[in-house]
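Everything on this sheet refers to the single structure shown next.
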Amino acid sequence: MFIKSYSDIQQNLAEACKWAGIIQGRANDYQKHLEQLHVENSKSREALLCIADLMDILDIYETWKVNDNNFPGIRDRIREVIEKGPILPEEENIEIADNRARNDLFVYLFAGKLIQAGVQVLSIDGITGDNYRTISHGDIVSTFQNEEIAIECKRPQKPTTIDSCARKAWTQIQKSGRKGCMALDCSKAIHPPGTLLDFSNDDEARNTLLDQIEIDIVPKIKSHLNQNVFGAFLMVSVPGMKNFKESAILSSNGTPFKQYTPFRVSTMLVASNERIGEKHPFMKWVFNRLKSSQGPFGFLEQRRETNP
């Protein structure tokens, strides 16, 4: 959630840009939009819609500013992904591959969440951590109970690409020779581009997104959860406007005006492969670690029945 003051966010973003060595590009442009959010009645469309992306960048910074030395060269990779790409996700054009920056950013964001939760990560985007030995060309390699586990990250651009993204992740896990799981950023697949989530209760907003993931995403990936794929981490991060106060001034129809503040609403549903169940506890273990450090998230073992 977006809970800090604008001045705190500005300071943190400035620190993130300095840490990454950025003097121009997308992350630096967000500073200008934060300035707009400082001024009442001066909230442009871009300033409001970029909140989720801005906060994701700060999440990456908070994790990697204390962990980058463990993965030599990862700071340079992070600089590229927060510097490049259009201001808003809906402006991405896959034909010219300008969605690559956010795709790679998701890998570093999710890897950071795992590290923060105490999950042992061996390699990220081909960069092997200090004191670890593994051969990997995948997105993330973790270890659990002396077993290397491949985690392939995908970012579907629209609902119709969910199946193909899951299939590609499955294929990459098979080629790795390891067992593994998927991590999908479902934000663009379930949230209409260029819109803000209007809400007044944090838990209700998160539950709305979790329900959408369970209904719209899970049925489309379940055929790709076979005996070698433990499940999927299904994340979402969207811009919203929280109704935090009702004005004493009434509108022409007698109802009070509502006052809003920009928020990021983010959550995750961990969908376990029901065919494996308790045979392999990796998904449940990671879920518990993530929930205790960054929750609340949802865990799904039995998928709800949906009409064909």
* Asked: For segment 186-211, which residues satisfy the criterion of being surrounded by 19 or more Cβ atoms within 10 Å (Cβ to Cβ) and without any contact (Cβ under 8 Å) to a residue 40 or more places away in the chain?
  -> Ala189
* Does segment 65-83 contain at least one residue that is in contact with a Pro (Cβ under 7 Å, 6 or more places away or on another chain), charged (D, E, K, R) and in a helix (DSSP H, G or I)? -> no
* Could you tell me whether segment 21-39 includes any residue that is over 21 Å from the mean Cα position of the chain (by Cα) and at pLDDT 90 or above? => yes
* Take the residues of segment 89-122 that are closer than 23 Å to Gly25 by Cα and among the small types (Gly, Ala, Ser): which is surrounded by the most Cβ atoms within 10 Å (Cβ to Cβ)? -> Gly112
* Going by the conditions given, is Phe287 at pLDDT below 90 and either among the hydrophobic types (A, V, I, L, M, F, W, C) or buried (at least 22 other Cβ atoms within 10 Å of the Cβ) (or both)? -> no
* Asked: From the set of residues in segment 138-189 that are of a type in the set (Ser, Thr, Tyr) and assigned to a helix (DSSP H, G or I), which is nearest to Phe106 (Cα to Cα)?
  -> Ser187
* Asked: Just for segment 114-161: of the residues that are at pLDDT 95 or above and among the basic types (Lys, Arg), which one is farthest from Ala232 (Cα to Cα)?
  -> Arg155
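The values are calculated or read from the model by the stated rules, or taken from the named source; none is laboratory data. None of the values given here were measured: they were computed from a predicted structure. Backbone-built Cβ (ideal geometry, glycine too); neighbour counts: all protein chains shown.
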